[in-house]
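The values are calculated or read from the model by the stated rules, or taken from the named source; none is laboratory data. Note that the structure is a prediction, hence the values are computed from the model and not measured. Reconstructed Cβ throughout: ideal geometry from the backbone, glycine too, with neighbour counts over all protein chains shown. To get the accessible areas, we keep the full protein, side chains included, count just its heavy atoms, and leave off ligands, DNA and RNA. Shrake-Rupley method; radii C 1.70, N 1.55, O 1.52, S 1.80 Å.
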Amino acid sequence: MSAPRGQFSSNVGFLMAAAGSAVGLGNIWGFPTKAASNGGAAFVVIYLLLAFVLAYPALMAELTIGRHARRNMVQALREISTGPVSRFFANLTGFGGILIASLILSFYAIVAGWMVAHLAEPFATLIGASSTADWLTSSSTARNMTFTAIFSGLTMLIIASGVEKGIERWSTLLMPSLIILLLLLIMYVLTQPGAIIGLQVYLMPDFSQVSPELLLSAMGQAFFSLSLGVGTMLIYGSYLSQQESLPRLGVLVTLIDVGIAFTAGLLILPAMYVAQEAGTQIFADDGSLIAGPGLILQVLPALFDSMGTIGLVVALAFFALMTIASLTSSISMLEVPVAFSIENLKLPRRSATLLVGLIIFAISSVIIFNFDALFGLVISISTEYGQPLLGVSLCIFAGWIWRRDQLLQELRKGHENIEQTLFWKIWPWYVRVVCPLLILAAFVQTLL
Ligand code: PFF
């Protein structure tokens, strides 16, 4: 008999974990800056639309397959396969998901390490250790290795504690803290000079900027933000009780993700214009808003510096927010290969976590030592190629390969009258035809 699997103790626990996976650096950093450089509220509206018409159906495919099979991605896809071809395809997608989840974690842990280093900086400043404070905030291999190791260690500690005591407990604690910190920071920043201009840039729609590129950018953002394609939502679905309605939980996860991304814009954009008012440059040489690492690691820290002592508290709150957002996402990525190692390689959870965690840390180290050559490349391979292709494949599994009666039976659990709902009238053909075509169209455009 196989070892008993973990399970979320309540639907709130699942919601916190799944929303925790979705809400990450992509929401707080990626979304607001993409919105600001792509037509403000026009981008927000399009993103909202895409999140519901494209990402939500794909999320439902993962959750439903996961809860039905109650296994990791490889095993789950094999189980719903119907012949040797689909079984081959199941192995390809399942192992692909494990590989891409691990690659995303390998670069995500480096960026999250920067957040932890910046979180430590106010303490160093407070005790007068100014050379340590400088070391913490300037890029170096030693700094990156140290803090990637610390962050990876934290991620491993949570995953080693299991589904209920690790993932659920920590997500339930960290997600409300994240929302409180975000709201406090917004309240503070909005009282500062210059904030209103940032709000205007964020919220005034400029529909002239709507273009195919903008749609693609919004689509990629929605996919990354909902953690799709790599099996994180599939594995979380597999720990979910059968009494819950999947379509409803899926809507809630999407709403929380979109809601926090939108709310983060109310912090980041005003903060940038407050920084400008305080004398910091917020536009790059080509006239665009600084959006990459320069924004979080230079523009905002310069703003915090200019605020005096209160700046230390604001910096602390901001980087605590970023660290929490990263951690609830990174645990979901690590759970993908760990669940496979437990179920297929029969390793105990702790050994599986240690083994997989160290392998991913080794990949992060290779990236750190070859930063210029590998950092951008790994991000592009995993998020621009891996995630969309795996997303298409998962939609094909839910729409074409999996038997329709089994799919319906799974969705009926926790939602008895599902056949009468709009969801059942639209979703099955949508995930079968529209989703794969839309994702593929976006993917081909990216290649061109
Ligand atoms: N959704 C996370 C974010 O927005 O930062 C990133 C992410 C998490 C991507 C988990 C993929 C994943 F499997």
Would you confirm whether or not the range 172-180 contains a residue that is of a type outside the set (D, E, K, R), within 16 Å of the ligand (Cβ to nearest atom) and more than 30 Å from residue 394 (Cα to Cα)? yes
What do you reckon, is residue 12 in contact (Cβ under 8 Å) with a residue 24 or more places away in the chain and either over 30 Å from residue 150 (Cβ atoms) or within 13 Å of the chain's Cα centre (by Cα) (or both)? no
The condition of being among the β-branched types (Val, Ile, Thr), open to solvent by less than 50 Å² (accessible area, probe 1.4 Å), more than 15 Å from the ligand (Cβ to nearest atom) and touching a strand residue (DSSP E or B) at 6+ places or on another chain (Cβ under 9 Å) holds, among 274, 201, only for 201
Out of the range 146-186, which residues are among the polar types (S, T, N, Q) and within 19 Å of the chain's Cα centre (by Cα)? 148, 152, 155, 171, 172, 177
Screening 386, 399 for residues that are open to solvent by less than 40 Å² (accessible area, probe 1.4 Å), more than 16 Å from the ligand (Cβ to nearest atom) and either out of contact with any Ser or Thr (no Cβ under 7 Å at 6 or more places or on another chain) or acidic (Asp, Glu) (or both) leaves only 399
Quick one: would you say residue 444 is in a helix (DSSP H, G or I) and in contact with a Pro (Cβ under 9 Å, 6 or more places away or on another chain)? no
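For residue 262, indicate whether it is open to solvent by 10 Å² or more (accessible area, probe 1.4 Å) and more than 27 Å from residue 173 (Cβ to Cβ).
The answer is no for residue 262.
What do you reckon, is residue 432 more than 23 Å from the chain's Cα centre (by Cα), loosely packed, with under 15 Cβ neighbours inside 10 Å, more than 30 Å from residue 159 (Cα to Cα) and in contact (Cβ under 8 Å) with a residue 12 or more places away in the chain?
Criteria not met by residue 432.
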Cβ-Cβ below 7 Å, separation at least six or inter-chain, first residue in the range 316-327 and away from the ligand (no atom under 16 Å from the Cβ), second of a type outside the set (A, V, I, L, M, F, W, C): which pairs? 316/122
Kindly establish whether residue 347 is away from the ligand (no atom under 16 Å from the Cβ) and either open to solvent by 10 Å² or more (accessible area, probe 1.4 Å) or at pLDDT below 95 (or both). yes
Within the bounds of the range 120-135, is there any residue that is on the phi > 0 side of the Ramachandran plot and either open to solvent by 10 Å² or more (accessible area, probe 1.4 Å) or basic (Lys, Arg) (or both)? yes
Looking at 167, 179, 196, which is the one that is closer than 27 Å to residue 316 by Cα and open to solvent by less than 10 Å² (accessible area, probe 1.4 Å)? 167
So for the range 282-304 (the condition being in contact with a Gly (Cβ under 6 Å, 6 or more places away or on another chain), farther than 30 Å from residue 98 by Cβ and not small (Gly, Ala, Ser)), does at least one residue qualify? yes
Could you pull out the residue among 361, 369 that is open to solvent by 70 Å² or more (accessible area, probe 1.4 Å), touching a residue at least 12 places away in the same chain (Cβ under 8 Å) and touching a Ser or Thr at 6+ places or on another chain (Cβ under 7 Å)? 369
